[in-house]
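The values are calculated or read from the model by the stated rules, or taken from the named source; none is laboratory data. Quantities reported herein were computed from a predicted structural model and do not represent experimental measurements. Cβ coordinates were reconstructed from backbone atoms using ideal geometry, including for glycine residues, and neighbour counts include every protein chain displayed. Only protein heavy atoms, including side chains, enter the accessible area calculation; ligands, DNA and RNA are left aside. Shrake-Rupley method; radii C 1.70, N 1.55, O 1.52, S 1.80 Å.
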Amino acid sequence: MSVVVLLLGVGAYVLFQKARPYLHGSGCEVNTSTGKMPLDLEQGANAATIAAVAFRKQLPERAAVIAYATAIQESHIRNLAGGDRDSVGMFQQRPSQGWGSPDKLRDPVQATSKFFDALVKVKDYLDRDLHDAAQRVQRSADGRAYAQHEDDGVLLARAFTGREPGTARCWFPPDKRTASRRPEAVREMRRAFGGRLQVTGPSPLAYNAPSRPSAWNAVRVTNARAGWAVAAWAVTHAQVYGLTEIRYAGRHWRADAGHDGWTADKPAPTTAVIIQ
């Protein structure tokens, strides 16, 4: 009888392990010292992009906090096709008010760049109340609404700018995985972070180059915050570009166990983010 019970237990465990990748669905989560926030995959990717553009422009963390609070209020950090009147994109910028063409404003990298370009023109924006700084950029109907999202903006900035390492994770089931497009992922990453990112490794980066899942690239970083910002970007974009593993600073994230987040990987380097 005990043998039968043991076999049943083993069988149940095997079935659970096979079903486990499907149980959690798709999503992302940020878990920092200031709290947790669930995100869907699109929100996670857009949040990582905001931090990347702030990195490219060498802006302080406070600028990212303002951008996050604004994007939460305007679109819930989603790249909306439309909105009030002719508003589009994450920040609901209006072409009729000189923000640019709809196509550019639907591009998260360009929309974020335009937001930051306007923000840094606000005198003493770092010393202003968040809602005041955001309102001077957005010129919305009620700028006080941005204030309610400041705590969430702080939380997102701590995770995606790399202040708190390994605090952003994403997951998706096997049937949502896509073919590897690592060259495109790296090019998009460099578009967001800027040309200062140096990329090496055996995987080719040329346009339309073949992408072998077993190959990899290394994104060199000069400090831990930059490294974790790059790593978070890669994790949040893994489903779109078919990335399977990210390694950095003694930890790794794997697509087949994404819900587990960042786990120990002692050999993972501190000088480069490995993307596979």
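Restricting attention to segment 47-68, which residues are of a type in the set (D, E, K, R) and over 16 Å from the mean Cα position of the chain (by Cα)? Hits for segment 47-68 are Lys57, Arg62. Going through (1) assigned to a helix (DSSP H, G or I); (2) over 15 Å from the mean Cα position of the chain (by Cα) one by one, Ala71 falls short only on (2). Within segment 136-154, the residues that satisfy the criterion of being closer than 22 Å to Gln58 by Cα and touching a Lys or Arg at 6+ places or on another chain (Cβ under 9 Å) are Arg136, Val137. Could you please let me know if Arg106 is out of contact with any helix residue (DSSP H, G or I) (no Cβ under 8 Å at 6 or more places or on another chain), assigned by the TED database to the domain that holds Tyr146 and either open to solvent by less than 30 Å² (accessible area, probe 1.4 Å) or under 22 Å from Leu39 (Cβ atoms) (or both)? Yes, satisfied. Residues being of a type in the set (Asp, Glu) and within 20 Å of Val30 (Cα to Cα) are entirely absent from segment 138-149. If you go through segment 217-259 and keep only what is surrounded by fewer than 18 Cβ atoms within 10 Å (Cβ to Cβ), of a type outside the set (Gly, Ala, Ser) and more than 16 Å from the chain's Cα centre (by Cα), you end up with Arg220, Thr222, Asn223, Asp256.
Suppose the filter is assigned to a helix (DSSP H, G or I) and either in the same structural domain as Gly261 (by the TED database) or over 25 Å from Leu41 (Cβ atoms) (or both); does Arg196 pass it? The answer is no for Arg196.
Taking the condition open to solvent by less than 70 Å² (accessible area, probe 1.4 Å) and among the hydrophobic types (A, V, I, L, M, F, W, C), does Ala179 pass?
Judged against the criteria, Ala179 is not a match.
Mind listing whichever residues of segment 197-234 are over 16 Å from Arg181 (Cβ atoms) and polar (S, T, N, Q)? Hits for segment 197-234 are Gln198, Thr200, Thr222, Asn223. Picking from residues in segment 129-164 that are outside any helix (DSSP H, G or I) and of a type in the set (Asp, Glu), the one that is least open to solvent (accessible area, probe 1.4 Å) is Glu164.
Within segment 245-274, if we keep just the residues that are in contact (Cβ under 8 Å) with a residue 60 or more places away in the chain and either in contact with a Leu (Cβ under 6 Å, 6 or more places away or on another chain) or assigned to a loop (DSSP other than H, G, I, E, B) (or both), the residue that is nearest to Gly201 (Cα to Cα) turns out to be Ala249.
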